[in-house]
Amino acid sequence: MNDRSHRYSSTENQKSQTLGRDDLEARRRKLVGNALRVLRLVAGADMDQAKQINGVGFSKGDTTLGHRLSELTVDQAMKDDASAKKVIGLALRYIRQAFQIQIHGLF
């Protein structure tokens, strides 16, 4: 066995257990940025803003919030926990549709 690889992995394991505040903030920022990309994809496909039942875009109850949140920057969304949670929560609700839009170009 190679001693170097064993030491390397134990050092890496120790590092990963002690994430600093900056690391957590960077991860949160990335999560919010990805969530905003989901919302922008869905908003871009939501031409009728829930006026037609076509399975495209936000639902009638989410359309106003979805379009408003999709226009936020990462900094604006991260300004407070409530905004970040709304962005992430709504993105999780529409992630499958965003995947279809991006990968298959269905809408």
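Within segment 29-62, track down each residue that is assigned to a loop (DSSP other than H, G, I, E, B), surrounded by 15 or more Cβ atoms within 10 Å (Cβ to Cβ) and at pLDDT 90 or above. Outline the logic, then answer.
Within segment 29-62, the first condition is being assigned to a loop (DSSP other than H, G, I, E, B), and the residues that meet it are 46-62.
From what's left, surrounded by 15 or more Cβ atoms within 10 Å (Cβ to Cβ): 46, 50, 56-58, 62.
Residues satisfying the conditions are Phe58, Asp62.
Would you call Ile101 hydrophobic (A, V, I, L, M, F, W, C), in a loop (DSSP other than H, G, I, E, B) and either crowded, with 20+ Cβ neighbours inside 10 Å or at pLDDT below 95 (or both)?
So Ile101 does not fit the description; no.
From the set of residues in segment 70-89 that are closer than 13 Å to Ala43 by Cα and not aliphatic (A, V, I, L, M), which is farthest from the chain's Cα centre (by Cα)?
Residue satisfying both the conditions and the ranking: Glu71.
Select from segment 90-107 the residues that are under 14 Å from Arg40 (Cα atoms) and either free of Cβ contacts under 8 Å to residues at least 60 places away in the same chain or in contact with a strand residue (DSSP E or B) (Cβ under 8 Å, 6 or more places away or on another chain) (or both) and list them in ascending order.
Going through segment 90-107, the residues under 14 Å from Arg40 (Cα atoms) turn out to be 90-102, 107.
Scanning segment 90-107 gives Leu90, Ala91, Leu92, Arg93, Tyr94, Ile95, Arg96, Gln97, Phe99, Gln100.
Is segment 63-78 home to any residue that is of a type outside the set (S, T, N, Q), touching a residue at least 40 places away in the same chain (Cβ under 8 Å) and part of a helix (DSSP H, G or I)?
The initial filter retains those residues of segment 63-78 that are of a type outside the set (S, T, N, Q), namely 65-69, 71-72, 74-75, 77-78.
The next check asks that each one be touching a residue at least 40 places away in the same chain (Cβ under 8 Å); those that pass are 74, 77-78.
If we keep only those that are part of a helix (DSSP H, G or I) too, we end up with 74, 77.
Yes, segment 63-78 contains a residue that is of a type outside the set (S, T, N, Q), touching a residue at least 40 places away in the same chain (Cβ under 8 Å) and part of a helix (DSSP H, G or I).
The values are calculated or read from the model by the stated rules, or taken from the named source; none is laboratory data. From a predicted model like this one, the values you see are computed outputs, not experimental measurements. Cβ: placed from backbone, ideal geometry, glycine included. Neighbour counts: every protein chain shown.
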